[in-house]
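The values are calculated or read from the model by the stated rules, or taken from the named source; none is laboratory data. Since the model is a prediction, treat every value here as computed from it, not as a measurement. Ideal geometry is used to build each Cβ from the backbone, glycine not excepted, and the neighbour counts take in all protein chains shown.
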Amino acid sequence: MKNKNIAIDGPAGAGKSTIAKSIAKKLQIVYVDTGAMYRAVALYFIRQNIDTESREEIQKACDSLEITIDYKNGEQQVILNNENVTNLLRKEEVGNMASAVAKHYEVRKKMVELQQNLAKIRTVIMDGRDIGTVVLPDAGLKIYLTASSRERAKRRWNELSLKGIPCNIDEIEQDIKARDKQDMNREISPLCQAEDAVLVDSSQMSIEEVIDRIIALYLERLERG
Ligand code: CDP
Ligand code: CDP
């Protein structure tokens, strides 16, 4: 396998980040969470009250925002204009805005460049929506990780309930479906399975089963050379 990078794409709540983080530790490679980068752009748009439908405002925003990636104790940190915003990115509001800003060419161009540069200097496992199709088209292993929208909503509901946040599973599923629709139907780099990606449906699989399956595929490819 010439290129040792792993690309994981799939819809929200499929388990990409949980699984990619764990595989990175086991294989001693670097985990790159590209969703967090789009979320940081979204945070900037929210703070500056930028109109996501105005080309002029989007271009101006892209020119004035700087995102850099750092690692602290092995965890990815996202720096937005010199401020570490890593802990401000997980809110639902930021995720929805991320999906709205991510459809724009100016934003994607900037993020893809940053992501490709990260992969130039290290072996990575990178997750997102366009990693196998656009960012790392030569990745040695590409996975399209998915699960039913009901199962993904259940997972989000579990996460929020554990934190004591009241929520409704039907509303979460509606939100997930709306984000899927937006990500799969946008003009530029829509979420889709790369031709050479392996499909893994985790609806009936535990986290450990998914991790074992992906590592087995990776080792098999490494052995094949
Ligand atoms: O964690 P979750 O799956 O909910 O979302 P995320 O990976 O943090 O990504 C947030 C949003 O950023 C997604 O809904 C996509 O619209 C966008 N995104 C993208 O367009 N391309 C990527 N490579 C990663 C994220
Ligand atoms: O990154 P992405 O949005 O694809 O998903 P995630 O944030 O990694 O996973 C969403 C939730 O689903 C987490 O709480 C995981 O622990 C859970 N999960 C699961 O229960 N079973 C799986 N096979 C994969 C993830």
If we scan region 12-31, do we find a residue that is within 19 Å of I69 (Cβ to Cβ), part of a strand (DSSP E or B) and either in contact (Cβ under 8 Å) with a residue 24 or more places away in the chain or not aromatic (F, W, Y) (or both)? yes
Taking the residues in region 197-214 that are assigned to a helix (DSSP H, G or I) and surrounded by fewer than 16 Cβ atoms within 10 Å (Cβ to Cβ) as candidates, determine which candidate is farthest from ligand 1 (Cβ to nearest atom). D212
Of A12, A40, the only residue that is touching a Leu at 6+ places or on another chain (Cβ under 7 Å), small (G, A, S) and under 21 Å from E92 (Cβ atoms) is A40
List the number of the failed condition for T52; all other conditions in (1) in contact with a His (Cβ under 8 Å, 6 or more places away or on another chain); (2) not in a loop (DSSP other than H, G, I, E, B) hold. (2)
Among the residues of region 120-132, which ones are more than 16 Å from ligand 2 (Cβ to nearest atom) and either buried (at least 22 other Cβ atoms within 10 Å of the Cβ) or assigned to a helix (DSSP H, G or I) (or both)? K120
Could you list, in sequence order, all residues of region 152-173 that are among the polar types (S, T, N, Q) and either touching a Gly at 6+ places or on another chain (Cβ under 6 Å) or over 22 Å from Q204 (Cβ atoms) (or both)? N168
Where K16 falls short, out of the listed (1) under 16 Å from the mean Cα position of the chain (by Cα); (2) within 16 Å of ligand 2 (Cβ to nearest atom); (3) surrounded by fewer than 19 Cβ atoms within 10 Å (Cβ to Cβ): (3)
If a residue must be over 13 Å from the mean Cα position of the chain (by Cα) and not in a loop (DSSP other than H, G, I, E, B), how many such residues does region 83-95 contain? 8
When you go through (1) within 12 Å of ligand 1 (Cβ to nearest atom); (2) modelled with pLDDT of 95 or more one by one for R90, which number turns out not to apply? (2)
Is at least one residue of region 153-160 without any contact (Cβ under 8 Å) to a residue 60 or more places away in the chain and hydrophobic (A, V, I, L, M, F, W, C)? yes
Residues that are under 15 Å from the mean Cα position of the chain (by Cα) and more than 16 Å from ligand 2 (Cβ to nearest atom): does region 48-69 have at least one? yes
Please verify whether region 171-178 includes one or more residues that are surrounded by 15 or more Cβ atoms within 10 Å (Cβ to Cβ), under 24 Å from V112 (Cβ atoms) and touching a residue at least 60 places away in the same chain (Cβ under 8 Å). no
Cβ pairs under 7 Å, 6+ apart or interchain, first in region 48-66 and farther than 19 Å from L114 by Cβ, second part of a loop (DSSP other than H, G, I, E, B), ordered by first then second residue, are E57/I50; E57/D51
Here are the criteria: (1) over 27 Å from V210 (Cα atoms); (2) buried (at least 20 other Cβ atoms within 10 Å of the Cβ); (3) under 17 Å from the mean Cα position of the chain (by Cα). Tell me which single one V135 does not satisfy. (1)
Consider region 138-166. How many of its residues are in a loop (DSSP other than H, G, I, E, B) and either polar (S, T, N, Q) or surrounded by 16 or more Cβ atoms within 10 Å (Cβ to Cβ) (or both)? 4
